[in-house]
Ligand code: NAP
C-alpha cells in the first residue's frame with residue numbers, strides 16, 4: 001500500500017496540475033510566479049520529465065533546435081548541441097524544476113484516475129491511486145504521446161525473444177551481435193535505427209510507409225558561442241527568434257496546407273534522398289507516395305547511411321504475423337529475429353478519451369466527445385468548469401516548437417485562474433464560443449495537408465478526423481488563444 005498523497009485537507013487546493021512533463025512544469029513555474037496557491041503537481045511516474053523521462057531509446061533526441069525547444073522564461077545558454085539529446089533535455093527539466101523550487105510541490109508516483117465536479121462547492125474531487133484530492137481548478141498537463149501503441153498483428157505474444165516499444169526501452173537487453181527487427185519508420189525509428197545498426201549482428205527494418213526526410217545538420221555548439229550567450233543574453237534571444245521564424249515559415253511551406261511551395265520542399269527532400277542513396281532500387285523503396293507534410297516531416301543525416309550498411313535490410317513487404325522465431329511477411333518469408341523493437345508510435349486520441357472526468361450535471365468528457373474530441377482553443381470544454389488542458393485537442397504542431405504552444409496556453413490558463421482569484425467561483429467556456437472556435441478550425445482542417453495529402457497518420461482519429469493538430473501558424477494560435485477573452489467565458 002502506498003502512503004496517501006495528501007492529508008485530507010480542510011481547504012481545497014487552488015490548483016492541481018496533473019503531469020510533471022514540459023507543460024506541467026511550465027504551468028507550475030508560472031503559477032508560483034503569480035503566487036497562485038496552494039498548488040500541487042501530481043505525476044504518475046517516479047520522476048519528472050514526461051516524454052523526456054520515458055523515451056530513453058538509443059539516439060533519442062529532439063528534432064527541434066535546443067534554443068527553441070526550451071522555455072522562454074527558463075533559458076539555458078549552454079545547450080551542447082543544435083539538437084539536444086534526451087539526457088540533456090531531461091537534465092534541463094530537472095534543473096529548471098529545482099531552480100524554481102517546484103520539487104516540494106510535486107507528488108511523484110501519484111496517478112490521476114478521474115475527477116468529479118461538485119457544483120454546490122464549486123470544486124473538483126480528484127481520485128488518485130494515493131487518495132482523493134479536492135481542488136478548485138485542474139490543469140491537465142498529461143500530454144498525448146505516452147500510451148505506446150502496438151500493432152494488432154497475429155501472434156504478437158508468441159515471439160520467444162525480447163520485444164519492447166521505443167517508449168519502454170529495455171536497457172537490460174544487449175543488442176550487440178543480435179538479429180534485431182524494428183517495426184515502424186516514424187520519428188522514433190529514424191533516431192533509433194542508426195544506433196541499433198552500429199551494434200546489431202543484423203537489423204531488419206519493417207517499413208510500411210516511407211517518411212519524408214530532410215537533412216538535419218546537427219552539430220555541437222562551440223564553447224565560445226555558449227560563453228557569448230551567457231555574457232550577452234540578447235544574442236541567445238536573437239538566435240531563438242531566428243529559429244522560431246525559420247520554423248514558422250514552414251507553416252506556409254506546405255507543412256499545414258498543400259501550397260505552391262510543397263513541391264519545392266518535396267524537391268529538397270528528394271535531393272537529400274538522391275544524394276544519400278545512390279542505389280535506385282533502395283531509393284524507390286524510400287520514396288514517399290504522398291505529399292510532404294501529411295505525416296511529420298523528419299530530419300536526419302544518419303538514417304539513409306544506416307540503411308546502406310551491409311548488416312541492414314529494409315523490408316517493405318506487409319507483416320503477416322509474428323511467430324515464435326520472428327516475423328513472417330505476407331509473401332511467406334520468415335525473418336528470424338532475436339529482438340523485436342516496436343517503433344510504432346502512440347495511442348493519442350485514446351489517451352484523451354480514457355480520462356474519467358465527470359463535469360456539470362454528471363456529464364462525462366467521453367460523452368461530450370462522442371463526436372470527436374474538441375475544446376475551445378484546445379484548452380477548455382463547455383460543461384467542465386475550472387478544468388484546463390495543456391496540449392489538448394488540435395494544439396499539436398508539425399512545423400514549429402510545441403513549447404511555444406505550451407507557453408501560449410499557460411498564459412491563457414493564468415487569465416482564467418486570475419478570474420477565479422478575483423472572486424468568481426467557476427469559469428466555464430460558453431458552448432457557443434466553443435462551437436464557433438471548432439467550426440473555424442474544422443473548416444481550416446478540411447483542406448489541410450493531413451486531410452488532402454494522401455496518407456494516414458496518428459494525427460487522424462478512427463473516423464479520419466484531425467483532432468490533434470493546430471491547422472495554422474503559431475502566431476495565429478497566439479492571436480487566438482494567448483489571452484482568455486472573458487466574453488467567451490461564463491463566470492459563476
Ligand atoms: P509514429 O510517427 O506514429 O510512427 C509509427 C510507425 O510505425 C509508422 O512508420 C507506422 O507506419 C508504423 N506502424 C504502425 N503499425 C504498423 C504495422 N502494423 N505494421 C508496420 N508498421 C506499422 O510514431 P513515432 O515514431 O513514435 O512518433 C510519434 C510522434 O512522437 C511523432 O510524430 C512526434 O510528434 C513525436 N516524436 C518526436 C521526436 C522528436 O525528436 N521531437 C522523436 C520521436 C517522436 P505507417 O506510417 O504506415 O502508419
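Just so you know, all these numbers are worked out from the coordinates, no wet-lab data involved. Please read these numbers as outputs of a predicted model, since none were measured by experiment. For neighbour counting, all protein chains shown are included, and Cβ atoms are generated from backbone atoms with ideal geometry for every residue, glycine included.
Observations, loosely collected:
- Mean shadow area of the range 64-153, taken as a quarter of the surface of its Cα convex hull (nm²): 9.6
- Relative contact order for the range 152-234, counting Cα pairs under 8 Å that sit 6 or more residues apart, in percent: 26
- Placing R0 at 51 angstrom, the Cβ-Cβ distance between residue 241 and residue 157 gives a FRET efficiency of 0.50 after rounding to 0.05.
- Percentage of interatomic Cα-Cα distances in the range 31-87 larger than 16 Å: 60
- Estimated FRET transfer efficiency when R0 is 35 angstrom, pair residue 425-residue 74 (beta carbons, to 0.05): 0.60
- Sequence ranges 239-248, 147-156, ranked by mean other-Cβ count within 10 angstrom, highest first: 239-248, 147-156
- The range 115-209 - Kirkwood radius from inverse mean 1/r over Cα pairs (Å): 17.2
- The range 360-382 and the range 103-155: distance between their alpha carbon centers, rounded to Å: 16
- Listed by Cβ neighbour count within 10 Å, with the fewest neighbours leading, 328, 209, 395 appear as 209, 328, 395.
- By average C-beta atoms within 10 angstrom, highest first, the peptides 337-346, 173-182: 337-346, 173-182
- According to the Kirkwood relation over distinct C-alpha pairs, the hydrodynamic radius of the range 380-432 is 12.2 Å.
- The alpha carbon centroids of the range 35-50 and the range 392-442 are separated by 20 Å.
- In the range 147-305, inverting the average of 1/r over every pair of distinct C-alpha atoms gives 18.6 Å as the Kirkwood radius.
- Rounded to the nearest 10 degrees, the angle from helix 402-421 to the longest Cα principal axis of the chain is 10 degrees.
- Working note: Cα atoms of the range 211-307, range along each principal axis, descending, whole Å: 52, 31, 17.
- Shape box of the range 172-238 [Cα atoms, principal axes, largest first, Å]: 50, 28, 18
- Normalised by the number of residues in the range 345-492, the mean separation of alpha-carbon contacts (under 8 Å, six or more apart) gives a relative contact order of 29 percent.
- For 70, 473, 224, order by how many other beta-carbon atoms lie within 10 Å, fewest first: 224, 473, 70
- Column: log10 I(q)/I(0), Debye, Cα scatterers of the range 1-129, q = 0.12, 0.15, 0.21 Å⁻¹: -0.52, -0.76, -1.24
- With Cα atoms, 0 to 90° folded angle of helix 431-446 axis to the chain main axis: 20
- Over the range 259-360, volume per residue of the alpha carbon convex hull, in Å³: 192
- The equivalent ellipsoid of the range 308-374 has semi-axes of 43, 13, 11 Å, largest first, where each one is the square root of 5 times an eigenvalue of the Cα gyration tensor.
- Note on the range 288-430: semi-axes of the ellipsoid equivalent to its C-alpha gyration tensor, largest first and rounded to whole Å, are 44, 21, 12.
- Principal axes of the chain: Cα extent on each, largest first, Å: 68, 51, 45
- Convex hull volume of the range 342-492 per residue (C-alpha atoms, cubic angstrom): 119
- When peptides 320-327, 85-92 are sorted by average Cβ neighbour count within 10 Å, with the highest value leading, the order is 85-92, 320-327.
- The C-alpha atoms of the chain define a longest principal axis, and helix 233-249 lies at about 70 degrees to it.
- Centroid-to-centroid, using Cα positions, the range 456-492 and the range 285-355 are 30 Å apart.
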